[in-house]
Each structure stands twice: as structure tokens, then as C-alpha cells.
1. Between 90, 54, which is touching a helix residue (DSSP H, G or I) at 6+ places or on another chain (Cβ under 8 Å) and either open to solvent by 70 Å² or more (accessible area, probe 1.4 Å) or modelled with pLDDT of 80 or more (or both)?
2. Mind listing whichever residues of the range 57-69 are at pLDDT below 85 and either among the β-branched types (Val, Ile, Thr) or in a helix (DSSP H, G or I) (or both)?
3. Please pick out the residue among 83, 78, 29 that is in a helix (DSSP H, G or I) and either open to solvent by 80 Å² or more (accessible area, probe 1.4 Å) or modelled with pLDDT under 80 (or both).
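The values are calculated or read from the model by the stated rules, or taken from the named source; none is laboratory data. Computed from a prediction, not measured in an experiment: that's the story for all the values here. Neighbour counts are summed over all protein chains in view; Cβ atoms, including those assigned to glycine, are modelled from backbone coordinates with ideal geometry. Keep in mind that these areas ignore ligands, DNA and RNA; they rest on the heavy atoms of the full protein, side chains included. Shrake-Rupley method; radii C 1.70, N 1.55, O 1.52, S 1.80 Å.
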Amino acid sequence: MILQQILRLSSIFRSAVSIHLRRNIGLSAVVFNKTKELDPVQKLFLDKIREYNTKSKQAGGPVDAGPEFHKDMNESLARLQRAYGEGDLTKFPEFKFE
């Protein structure tokens with residue numbers, strides 16, 4: 001009788017402890033992922049992406065694009081406007097369904 005009660009209490013205790021440990025392990029994994037330092041290659045990659053983003057915002061377009069790039073882009077846009085009509089070709093088209 002006492003052995004059965006001990007086994008029952010141990011199984012209840014074991015399930016409570018396992019639930020508690022699973023919750024703590026899951027929570028600590030999230031905290032660990034947020035606080036751990038990035039791999040040096042990942043950090044360099046992210047730094048370069050952020051640097052390019054700031055440069056492109058300052059330049060208002062592609063970074064380090066020379067005058068021949070802008071000339072080619074303007075010629076391509078003019079050719080597309082002649083082929084497909086007027087409108088701003090740098091914007092996504094707006095569709096209106098009735």
C-alpha cells in the first residue's frame with residue numbers, strides 16, 4: 001500500500017518536474033538565441049547589408065552606379081514606354097476590378 005502511494009506520488013512528481021523543465025528549457029533557448037554573439041561571417045554579412053542600405057538611401061538608387069548605368073537605364077525605360085505606352089514604369093501597376 002505504501003509502495004503504491006510512493007509510486008503514484010513519484011509519477012506525479014516526475015510529470016510535474018518534466019513539464020517544468022521543458023518550459024524552462026524552451027524559454028532559456030529563446031533567451032540564449034537572442035543573447036548569443038553572431039558568427040563572425042554572419043556579422044560581417046549583416047554589416048555589409050546595413051552599409052549598402054544606408055548608402056543606397058543616401059544615393060537614392062543603386063550604389064556606385066556610373067553615368068553609363070543611368071544612361072542605359074533611361075534608354076531601357078524609354079524603349080519600354082514606346083512599346084507599352086505611357087506611365088511610370090518604376091511603380092508596380094495598380095489593378096482595379098469592378
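1. Details: 54 fails: touching a helix residue (DSSP H, G or I) at 6+ places or on another chain (Cβ under 8 Å).
Going through 90, 54 in turn, the sole match is 90.
2. Passing the criteria: 59, 63.
3. Numbers: 83 fails: either open to solvent by 80 Å² or more (accessible area, probe 1.4 Å) or modelled with pLDDT under 80 (or both); 78 fails: either open to solvent by 80 Å² or more (accessible area, probe 1.4 Å) or modelled with pLDDT under 80 (or both).
Among 83, 78, 29, only 29 is in a helix (DSSP H, G or I) and either open to solvent by 80 Å² or more (accessible area, probe 1.4 Å) or modelled with pLDDT under 80 (or both).
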